[in-house]
1. Under a plain spin-label model, where a point goes 7 Å from the Cα along Cα-to-Cβ, how far apart in nm are Thr113 and His131?
2. Using 0.36 nm per residue, how much length does the chain from Asp59 to Leu94 gain when fully extended, once their Cα-Cα distance is taken away?
3. Mind giving me the FRET efficiency for Asn106 and Lys38? R0 is 30 Å, r the Cβ-Cβ distance, nearest 0.05 is fine.
4. Given the whole protein assembly as supplied and a 1.4 Å probe, what does the accessible area of Thr113 come to in Å², nearest 10?
Amino acid sequence: LFAGAFFGGGWYVAGVVNVGHAMEPAFQDGAKAFVNYKAYGSSDPRRGQTVLMRVPGEDALFIRRIIGLPGDTVEINKSEVLVNGQKLDEPWLLVANAPPKVEDPNPIYFPQTTVAAGKFFVLADNRTDTHDSRTFGAVDPSAFLGRVWTLFGMTF
């Protein structure tokens, strides 16, 4: 895969990005992750995938997780994400070898919103003071530069 990416002009993996605090605990601050810039040429974005994206009107690139698909309703109630009225299973928020969080002392709320046709609702995994669809709204898939992934669940 790496040889194909290197010699094949980036067919599979075309780059590496540094990860910040917004995607903890799935991606640790300072880690690097792979980006498949060709991922969405052959398949549609799916819930749970992490994407490298550009926010309209901003210079910075962000890594965010796709939570809401076109037509979904998304709500955050007491820090639980509800998609179409059902609690979203978020295994990416679990930290290995750590006790589960019992209660969030400062729960997060976001009113129920419907994702417009052709748009996607993205969230940071670390939802405190982060920039995501709660602030800039649902995004067009043309904002997605590629799919972010790790090697065997690990960054480097």
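1. 1.6
2. Values: separation 35, 0.36 × 35 = 12.60 nm, distance 3.09 nm.
That works out to 9.5 nm of additional length.
3. Details: r = 40 Å, r/R0 = 1.33.
Efficiency computed from Cβ-Cβ geometry: 0.15.
4. 50
The values are calculated or read from the model by the stated rules, or taken from the named source; none is laboratory data. Keep in mind it's a predicted model, so treat the numbers as computed, not measured. In this analysis, Cβ positions are derived from the backbone assuming ideal geometry, glycine residues included, and neighbour counts consider all displayed protein chains. Surface areas here come from the heavy atoms of the whole protein model, side chains and all, with no ligands, DNA or RNA. Shrake-Rupley method; radii C 1.70, N 1.55, O 1.52, S 1.80 Å.
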